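As structure tokens, the structure follows; a few thoughts come after it.
The values are calculated or read from the model by the stated rules, or taken from the named source; none is laboratory data. Bear in mind that the values here come from a model prediction, so they are computed numbers and not experimental data. No Cβ is skipped: glycine too gets one built from the backbone with ideal geometry, and neighbour counts run over all protein chains shown. Surface areas here come from the heavy atoms of the whole protein model, side chains and all, with no ligands, DNA or RNA. Shrake-Rupley method; radii C 1.70, N 1.55, O 1.52, S 1.80 Å.
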Amino acid sequence: MDQNQYSLILAGALLSITVNPLLFRLINPLEKWLQRFPSVWKLFDRHGLSMTTWLDEEISGHVVIVGYGRVGRHIANLLSLLEIPNLVVDSDAERVQELDRRGMPVLFGDASNSEVIKHVGLAHARALIVAGPDEATSALVVASARDLAPDLPIIARATTEDGITQLANL
């Protein structure tokens, strides 16, 4: 590689590093602007999920269920039978699409990310149920939830004695 090729690669990398944060800041405003034009938005909407409709409304008195696996599904079904509103957070796109088709409030994302858990209305929730099997992830979700809503009742799944102790101490 000669000096000119090296300089071009270096210039490209520097330009990319400089422009990247600016472009990321434009994603949400550009997405909201494009959503005003449904025919154009359909061309760009790759995930095809309309899960943000409930975010515009004030949600309260609900139970937040993190994880819609075997345990989360049973809990959601039980809450539905009891006519208790619930909101599911899951990072599996197929599960989220299934719930969205059924009209259930759902949020696609990893709840261990504190930015995701901020959008589930914990301040107005009845309870939080962390149904995932991974204790480390459950600990992150519980810690974030405690920061946002210290008095919220939290039920978290644990599979070991150490996990029970760790989650109880959060």
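Tell me which of these ASP90 doesn't satisfy, since it passes every other one: (1) over 17 Å from ALA145 (Cα atoms); (2) among the charged types (D, E, K, R); (3) buried (at least 22 other Cβ atoms within 10 Å of the Cβ).
Answer for ASP90: the failing condition is (1).
Would you confirm whether or not the range 78-87 contains a residue that is under 23 Å from LEU148 (Cα atoms), of a type outside the set (Val, Ile, Thr), modelled with pLDDT under 90 and open to solvent by less than 40 Å² (accessible area, probe 1.4 Å)?
No, every residue in the range 78-87 fails to be under 23 Å from LEU148 (Cα atoms), of a type outside the set (Val, Ile, Thr), modelled with pLDDT under 90 and open to solvent by less than 40 Å² (accessible area, probe 1.4 Å).
Please state which of the following conditions SER112 fails to meet, knowing it meets all the rest: (1) in a loop (DSSP other than H, G, I, E, B); (2) open to solvent by less than 70 Å² (accessible area, probe 1.4 Å); (3) touching a Lys or Arg at 6+ places or on another chain (Cβ under 9 Å).
(3)
Across the range 115-137, which residue is nearest to the chain's Cα centre (by Cα) among those that are among the small types (Gly, Ala, Ser) and not in a strand (DSSP E or B)? Lay out the reasoning, then the answer.
Initial filter on the range 115-137 (among the small types (Gly, Ala, Ser)): 121, 123, 125, 127, 131-132, 136.
Checking which are not in a strand (DSSP E or B) leaves us with 121, 123, 125, 131-132, 136.
Values: GLY121: 12, ALA123: 16, ALA125: 16, ALA131: 14, GLY132: 14, ALA136: 17 Å.
Among those that are among the small types (Gly, Ala, Ser) and not in a strand (DSSP E or B), it is GLY121.
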